[in-house]
Structure formats: C-alpha cells, structure tokens
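*Asks:* Below is a structure I'd like to ask you about.
What follows is calculated from the coordinates using simple rules that are stated; it is not laboratory data. Values in this document were obtained by computation on a predicted structure and should not be read as measured data. Cβ placement follows ideal geometry from the backbone for every residue including glycine, while neighbour counts extend to all protein chains displayed.
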Amino acid sequence: MSSLDILAFGAHPDDVEIGAAGVLLRARKEGKQVGIADLTYAELSSNGTVERRQEEAAAASRLLGLALRTNFGLPDRGLESSRQLAHDLIVDLIRQTRPKVVLAPYWQDRHPDHESVSRLVREAVFSAGVHKYRGQQELPAYRPEHVYYYFINTTTAPSFIVDISDIYIEKTEVLRCYKSQFEREDGSVSTPLNNGYLEQVEARERLFGQQAGVSYAEGFVSMVPLALRSLI
C-alpha cells in the first residue's frame, strides 16, 4: 500500500466530506495523495441502504480523486463495544499508509459515533508510534506529523482555516453525491440532514471565510500549538 499525504477518518460515509472535502480537493490539485477510512457502513441511517450509500461514497471518491477509500465494517452505533478492534485497525492503516497528516472528527458532536472516532483516532495515532505495540498485523511503528480535527455538526473557534473559495462549488458537488442523506425523496424520513443541512454547512464555511477575509473556508482544530518559523 502506497504512502498518503493525508488520511481522513470518519464514522460514516459522508462525514469526512462534510468537514474536509475542500482540503482533500485542494491537496489532490497539488498532486498529493489522499485517502478516507470509514469505520462503519452507516447501516442504521434513517434513509438509504448500505448498498446505495456505498455507491454514493464511490461517486464522491471519484470526484475527490482518492488514492484510497476503505471501510472497516464495524457496527454503526457499536464502536465503543468494538473499541479494541477499531483502535487496532486504525493503528494498522496508519502504519501501512504512513500519512503526514491525519484528520478526525472534532471531539464534541451531537452524534456519539463522531465523538468515538475522534477519541479512537487520537489514541491510535499514539499507539501507532509505539514500537512495541502490536495491532492486528506486524508493522513498523509510525506516527504522523500532524493530527487535525474537522467539524461535522458542532463548531468552535478553529485553530486555523483553509481557504476553499475557488473549489467550494466542487465541494458541493461531492456532498450532493449523497442524495439519500441530503435530499427528500419518496418514502424518506425527515432528518436534520435533509432539512437544510447543506445550507448550514455553507453558512458555517461562509462564516469561517468571512473571519479571514475570503468567501469560503473549512475550519480545523489542533490539540497542540502550531509552530511557525517566522511571522512573515
């Protein structure tokens, strides 16, 4: 498995796209290798089916130009009961792909699975760098240079933002691949996702952009201070 520049983790297909499709699109345009790991198939989602969600994820992956997309197939709403396995699968994937940057959901979110993935990734990043720690496979230790947290449902003051003004339309096209989640269809159940959710994402990214004097931006949080070589 080839090395990645960015590896993003999400609980469900569409999580990463909601918070970080812009930075992944930008990275690909810069010739970087990017990948997504979904921990579950979102089999408990109110709308759509696992099969359709996978088709939507494949369409989004093509637009994003991903070098890798994998799904661990862990139980939706059952990550805590599968904690050790989830942790070790993340450790192994980090060691296999050796990403410079790992992305995970922000640790406070209305969906418990998003919070679980945030904690799991943080712990797995540490374990991946411990030489004597063994996951599911025998792999050399590796620790990414950076771990950043993206927003799904909850926001706070970001540690930094990334200007995505020129590729925001492309991000919306990626999100609209998930029609089963974001659009009202015959027989669909009303959920927060199909009641103006994409408009809320747009408002959030307009706000982040406004704070930095650009049109649209994605916000990220770092648990550690960001080091600069110089102020200019």
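*Asks:* Run lengths n ≥ 4 of DSSP H only: what is the helix-derived mean residue ellipticity at 222 nm for the chain, with -39500 (n - 2.57) per run over all residues, to the nearest 500? Before the final figure, lay out each step's value.
*Replies:* Working: 7 runs with 90 residues, N = 232.
The helix-only estimate for the chain comes to -12500 deg cm²/dmol at 222 nm.
*Asks:* State, to one decimal in nm, how far the label point of E30 lies from the label point of S3, with both points 7 Å from Cα in the Cβ direction.
*Replies:* 1.6 nm
*Asks:* So how far, in whole Å, is the C-alpha centre of the stretch 137-172 from the one of the stretch 30-93?
*Replies:* 16 Å
*Asks:* Something else: What list do you get for D163, D113 if you sort them by fewest beta carbons within 10 Å?
*Replies:* Numbers: D163 19, D113 24.
So the ranking, lowest neighbour count to highest, is D163, D113.
*Asks:* Taking neighbour Cβ counts within 10 Å as the exposure measure, how do F72, F160 sort from fewest upward?
*Replies:* With the fewest neighbours first, F72, F160 line up as F160, F72.
*Asks:* If you stretched the chain out fully between L139 and D76, how much longer would it get, using 0.36 nm times the residue separation minus the C-alpha to C-alpha distance?
*Replies:* Stretched out fully, the L139 to D76 stretch lengthens by 19.9 nm.
*Asks:* Still on this structure, I have one more. Treating cross-link reach as a plain straight distance, find the lysines whose alpha-carbon is under 16 Å from the alpha-carbon of K132, omitting any fewer than eight places away in the same chain.
*Replies:* none
*Asks:* Out of (1) 18.1, 58; (2) 17.1, 56; (3) 21.6, 72, which label holds the value of Rg and Dmax of the Cα atoms in Å that was computed here?
*Replies:* (2)
*Asks:* Sorting check: for 143-154, 8-19, 75-86, which peptide has the highest mean count of neighbouring beta carbons within 10 Å, and how do the rest follow?
*Replies:* Output ranking for 143-154, 8-19, 75-86: 8-19, 143-154, 75-86.
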